[in-house]
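Values quoted throughout were computed directly from the atomic coordinates according to the rules given, and no laboratory measurement underlies them. This one's a predicted model, so the numbers in the text were calculated from it and none came from an experiment. Cβ placement follows ideal geometry from the backbone for every residue including glycine, while neighbour counts extend to all protein chains displayed.
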């Protein structure tokens, strides 16, 4: 039976089509999608027309989703929770009706990086696309490694935030944030706002620098002690220093612009750490003051993607009420209007996240 799905055909060419979903292979499950969310990465892919690692058109599109299993192939099993693996517990099967969330990738477990607990850098990451659709087939590797059961009370839009939140969890852990630290988050997109929520939850004092009153207000609601409207972004360092009069233990760059990367290094204290979380355009370069970096003993790092462990930690934050869709999702759109939505996003629509109603 055909289902409706968004198919990316190339640069800014997104179409809603009826496709015939494939039959399940051993170990796979099919999910009836209940919630799908827009993402900044999807917008970049839409504008570029492809992503070398994630998606090559024509291909189904979208990667943040949650839903209900509607079909199970033979041998569809999942590992027990990591905390129980040492007990020797047996594998558990999936069943039709299970409420689930699935990540957008799964590592191979066999390459150098997987063996060194860096699954986010796996040489053979298997990616999953197709969230903007009525249903999706989850490959066996993702079923085994990154398909998670939801609590009965967990709302699907909340659960759909698991994948982006897992990337932020990775960033927070890479920075080794701890209670009492002064943290600056540059950028108030969904990623920046998630950093605010997790840093506040850890007991950090959070300052946010960004644009647009609504997003700065959202940062306040999530726990930011101070917000700075940077206007057009010019003289970012001066504006932050003039407002706060201090440097920070840790700085998160969640914008993805070379000039903001450079500014972040100037805003961290001696001995502090900067996470260049925002990905800059391909080929971008920056200039850094080597004397500042060396004699200030700075730690400069960049976080990428997520691991099976951070996927699980992200869902724990969501089901613990730390992260909620109501704080990030500020719009809804039916599936048939998705191409128009992406065109408006590319033209400057400033919604944080939009819930796509795939079941029309």
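Pop a pseudo-label 7 angstrom from the Cα along the beta-carbon direction at both residue 2 and residue 220 and give the gap in nm to one decimal.
Each label point lies 7 Å from its Cα, and together they span 5.1 nm.
Write down the Å³ per residue value for the convex hull defined by the alpha carbon atoms of the stretch 237-345. It would help to have the intermediate numbers written out before the result.
Numbers: hull volume 20.9 nm³, N = 109.
With only Cα atoms used, the stretch 237-345 gives 192 Å³ per residue.
Starting from one equal scatterer on each C-alpha and no solvent at all, send me the Debye-based log10 I(q)/I(0) for the stretch 199-272 at q = 0.18, 0.21, 0.22, 0.24 Å⁻¹, two decimals.
So the normalised log intensities work out to -0.71, -0.99, -1.09, -1.29.
Indicate, rounded to the nearest 5 percent, the antiparallel portion of the DSSP beta bridges found entirely in the chain.
Numbers: 34 of 60 bridges.
Expressed as a percentage, antiparallel bridges in the chain total about 55.
Restricting the calculation to Cα positions, tell me the Rg (one decimal) and the Dmax (whole number) of the stretch 21-71 in Å.
Just the Cα atoms of the stretch 21-71 yield Rg and Dmax of 13.1, 35 Å.
Expected output is a single nm value to one decimal: the length gained when fully extending between residue 43 and residue 9, i.e. 0.36 nm times separation in residues minus the C-alpha distance. What is it?
Separation in residues times 0.36 nm, less the Cα-Cα distance, equals 10.8 nm.
What is the distance in Å between the Cα centroid of the stretch 95-155 and that of the stretch 1-66?
Spelled out, the Cα-based centre of one part sits 15 Å from the other.
Suppose R0 equals 45 Å. What FRET efficiency, 1/(1 + (r/R0)^6) with r the Cβ-Cβ distance, do residue 286 and residue 95 give to the nearest 0.05?
Working from the Cβ atoms, E equals 0.35.
Please report the base-10 log of the normalised intensity I(q)/I(0) for the chain, using a Debye sum with one equal scatterer per alpha carbon and no solvent, at each q in 0.09, 0.10, 0.13, 0.15 (1/Å).
Results for the chain at q = 0.09, 0.10, 0.13, 0.15 Å⁻¹ read -0.51, -0.62, -1.05, -1.35.
As an exercise, use a Förster radius of 45 Å and the Cβ-Cβ distance of residue 332 and residue 270 to find the FRET efficiency, rounded to the nearest 0.05.
0.45
Using the alpha-carbon centroid of each, what span in Å lies between the stretch 321-354 and the stretch 226-293?
27
Taking only Cα atoms, what is the 0 to 90° angle, nearest 10, from helix 190-202's long axis to the longest principal axis of the chain?
Between helix and principal axis, roughly 70 degrees.
Which length gain, in nm to one decimal place, applies between residue 121 and residue 108 when the Cα-Cα distance is subtracted from 0.36 nm times their residue separation? Each step should come with its number before you reach the end.
Values: separation 13, 0.36 × 13 = 4.68 nm, distance 1.04 nm.
Working it through step by step, the gained length comes to 3.6 nm.
Provide the descending list of Cα extents for the stretch 165-301 along its principal axes, expressed in whole angstroms.
Here the Cα extents, ordered largest to smallest, are 38, 32, 31 Å.
Report, in deg cm²/dmol and to the nearest 500, the calculated mean residue ellipticity at 222 nm for the chain, where each DSSP H run with n ≥ 4 adds -39500 (n - 2.57) and the sum is divided by the residue count.
-8000 deg cm²/dmol
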